[in-house]
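Remarks on the structure that follows.
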Amino acid sequence: MGIKNCKLKNKQKNNISLEKNNELIDEKIAYKKIDDTVNKNTIKKSKNSNNLTKNILIGLSILFIGIMLVMPMIVVISYALKNGINSYKDAVFDKYTIKAFKLTIITTITAVGINTFFGLFAAWSVSKFNFKGKHLLTTLIDIPFAISPVIAGLIFILTFGRIGWTNSFLQAHNIKIVFAVPGIILATIFVTFPFILREVLPVLNAQGKDEEEAAALMGAGGFMIFRKITLPHIKWALLYGIILCSARAMGEFGAVSVISGHLRGKTNTLPLHIEILYNEFKLTDAFAVSSILVVLAVIVLILKNIVEYKSKKAGVK
């Protein structure tokens, strides 16, 4: 009987312990369900807050772009066509407008060509060679970004004008820079110089020197190395820099305004011609001529997007 009682007691104890274990397991399962529910609710709330933040930021961006970029373009086009298509044609095909357009294109092509040539040389020398003053050179290249365009124009007037230290030499050789086309080109070159270099330099730094050094050891010349190895790596960055440089050159106002003299038909680019028309209260004509710059800006934007797409497709970061 004693043995049976012990066995019964052990069974009862085992049953009690099993019940307790089951209760603990049930509690753990319940707590886990509560935790899962809380986590799901937290995730849903975070997703909802993230979506709300995303929608607010996207909405603010679209609103800002619409107010600051799209609306002015619409206003320019609407005012340009306010007096009808004939008035628009008269303003756009006016002889002074055509001369200003030609000067703008000549200045842009010249400035971009010179900046491309010297920008490539500067970027190559900075990325491929170590020399004293390397950091100083890269700092000096960024000066046009730090100086106001108006100050840049004054610099050229003080250098090449009547009170400039080069005036006697320029007069002796009958060279005119201030209030002439060469001065406009120089001012535009100064303002737009860093664009191409700053686009090409990171690509050259990322490329390294191994391929050029291997080609040089195999007997390739400098021009062949540049044409066969360097240029294929930087072509999209170079095109992107040329597009940015062109856009900046076409729209330059400050430096050109100071050094040009505002001689109608001689030293007026499109931005200066627009300013003169606006100051003469020919608002419709001013907006009509402004539409030319709007069209040029749209063309530049399309080219920029094409180059960005091609560069991403080619794997250029």
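Just a few scattered comments:
- Single condition Lys89 does not satisfy, out of (1) modelled with pLDDT of 90 or more; (2) of a type in the set (Lys, Arg); (3) not in a helix (DSSP H, G or I): (3)
- Among the helices (runs of 4 or more DSSP H) confined to the stretch 254-317, the ones with at least 2 residues that are aromatic (Phe, Trp, Tyr) are located at 283-314.
- Ala180 of a type outside the set (Asp, Glu), under 15 Å from Gly113 (Cα atoms), crowded, with 17+ Cβ neighbours inside 10 Å and in contact (Cβ under 8 Å) with a residue 40 or more places away in the chain: no
- Filter result for Thr188 (among the polar types (S, T, N, Q), in contact (Cβ under 8 Å) with a residue 40 or more places away in the chain and in contact with a Cys (Cβ under 7 Å, 6 or more places away or on another chain)): no
- Exactly one residue among Ile225, Ile229, Ile234, Ile189 is farther than 12 Å from Trp124 by Cβ and either β-branched (Val, Ile, Thr) or touching a Pro at 6+ places or on another chain (Cβ under 8 Å) (or both), and that residue is Ile189.
- Test: residue in the stretch 145-167 that is touching a residue at least 24 places away in the same chain (Cβ under 8 Å), in contact with an Asp or Glu (Cβ under 8 Å, 6 or more places away or on another chain) and within 20 Å of Phe253 (Cβ to Cβ): yes
Every residue, every condition in (1) of a type in the set (Gly, Ala, Ser); (2) in a helix (DSSP H, G or I); (3) at pLDDT below 85, yes or no:
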{"site": "Lys44", "(1), (2), (3)": "no, yes, yes"}
{"site": "Met68", "(1), (2), (3)": "no, yes, no"}
{"site": "Ala123", "(1), (2), (3)": "yes, yes, no"}
{"site": "Phe145", "(1), (2), (3)": "no, yes, no"}
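- Helices (runs of 4 or more DSSP H) completely within the stretch 169-253 that count 1 or more residues being of a type in the set (Phe, Trp, Tyr) and within 26 Å of Ile147 (Cβ to Cβ): 181-207, 231-251
- Tallying residues that are hydrophobic (A, V, I, L, M, F, W, C) and surrounded by 17 or more Cβ atoms within 10 Å (Cβ to Cβ) within the stretch 187-228 yields 14.
Condition check ((1) more than 24 Å from the chain's Cα centre (by Cα); (2) over 25 Å from Ala247 (Cβ atoms); (3) not assigned by TED's automatic domain parsing to the domain that holds Tyr240) across all residues:
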position: Phe118; (1), (2), (3): no, no, no
position: Gly133; (1), (2), (3): yes, yes, no
position: Leu140; (1), (2), (3): no, no, no
position: Ile143; (1), (2), (3): no, no, no
position: Phe169; (1), (2), (3): yes, yes, no
position: Pro182; (1), (2), (3): yes, no, no
position: Ile185; (1), (2), (3): no, no, no
position: Val191; (1), (2), (3): no, no, no
position: Ile196; (1), (2), (3): no, no, no
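- Some residue of the stretch 254-275 being farther than 19 Å from Ile106 by Cβ and free of Cβ contacts under 8 Å to residues at least 40 places away in the same chain: yes
- Qualifying residue in the stretch 294-312 (condition: at pLDDT below 90 and buried (at least 19 other Cβ atoms within 10 Å of the Cβ)): yes
- Per-region count, the stretch 76-117, residues basic (Lys, Arg) and touching a Gly at 6+ places or on another chain (Cβ under 8 Å): 2
- Scan of the stretch 258-308 for residues that are over 22 Å from Leu186 (Cα atoms) and polar (S, T, N, Q), ordered by number: Asn279, Thr284, Ser290, Ser291, Asn305
The values are calculated or read from the model by the stated rules, or taken from the named source; none is laboratory data. Here the structure is a predicted model, which is why all the values come from computation and not from measurement. Here the Cβ is made from the backbone with ideal geometry for all residues, glycine too, and neighbour counts use every protein chain on show.
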